[in-house]
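**Q** This is the structure I have questions about; it appears just below.
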Amino acid sequence: SLRANDVYTGRQLWKVSLPELGEYYNRTYHQPGANALGTNFVATPETVYVVHESRCLKLDPATGQRQGEIVLPTEGGTPDKTTGWGYIAVQGDVIVAGASPMFWGGKGKPGDSDNWDATSSRRILVLDRASGKPLWQLESKCAFRHNAICVSPSMLFCIDRLPDPILQTMQRRGEEPVSKPALLALDLHTGRLIWRADADVFGTWL
């Protein structure tokens, strides 16, 4: 569930039942939870945005009542498939979403819930906050690490790079990534590339 409390008295104002909302963070490997994955809700004075299952719910911050929901467009426009949310941030009049979470940890297979990692997303989408309409999207060459997406009022910065555990596994196998890592600076409202750095790009956090 998600609940709101009075900041001065601790009195509960409202509580909304959202089954398995915390399952996203039920991980036992190193750096579990929001420290590795990022948050699954964002609160603003007008709306609380909560990623739940394959959608983002919009809740009234005063009452917890639903104002609507946002569903991300599927990859390639395939209507019979849902797109998972991997990342959410709000800046001004837009929502930044990471779509199609990627990677898994340990010895698990893709989709194995005991080992699912989801620390990166395949795509970044920027949507209008009021309507939920996509403004632009960017497909990764490698992966957009959630902790390496950073937003300012006018720009979005991100690192397109495979996670270290994947790179280490490839190195042991004598394999090379198909694309070099890159640090990108984009116009937040249009997606226009402002600058790009390809030399010695590293890092988990941005």
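The values are calculated or read from the model by the stated rules, or taken from the named source; none is laboratory data. The model shown is predicted, which means the values in this text are computed figures rather than measured ones. Here the Cβ is made from the backbone with ideal geometry for all residues, glycine too, and neighbour counts use every protein chain on show. Heads up: the accessible areas ignore ligands, DNA and RNA and are worked out on the full protein's heavy atoms, side chains in. Shrake-Rupley method; radii C 1.70, N 1.55, O 1.52, S 1.80 Å.
**Q** Keeping to the range 23-50, report how many residues are of a type in the set (D, E, K, R) and at pLDDT below 85. Show your work before the answer.
**A** Filtering the range 23-50 for residues of a type in the set (D, E, K, R) gives 23, 27, 46.
Subset that is at pLDDT below 85: 23, 27.
Looking only at that region, the number is 2.
**Q** Which pairs have Cβ atoms under 8 Å, sit 6 or more apart or on different chains, and link a residue in the range 188-201 that is at negative phi to one that is of a type in the set (F, W, Y) and open to solvent by less than 70 Å² (accessible area, probe 1.4 Å)?
**A** Within 8 Å, the pairs are T190/W136.
**Q** Does the range 59-82 contain at least one residue that is at pLDDT 95 or above, surrounded by fewer than 20 Cβ atoms within 10 Å (Cβ to Cβ) and within 18 Å of I149 (Cα to Cα)?
**A** No - not one qualifying residue is present in the range 59-82.
**Q** Do the conditions hold for P101, that is, is it more than 23 Å from I166 (Cα to Cα) and modelled with pLDDT under 90? Full working, then the answer.
**A** Numbers: more than 23 Å from I166 (Cα to Cα): no; modelled with pLDDT under 90: yes.
It is false that P101 is more than 23 Å from I166 (Cα to Cα) and modelled with pLDDT under 90.
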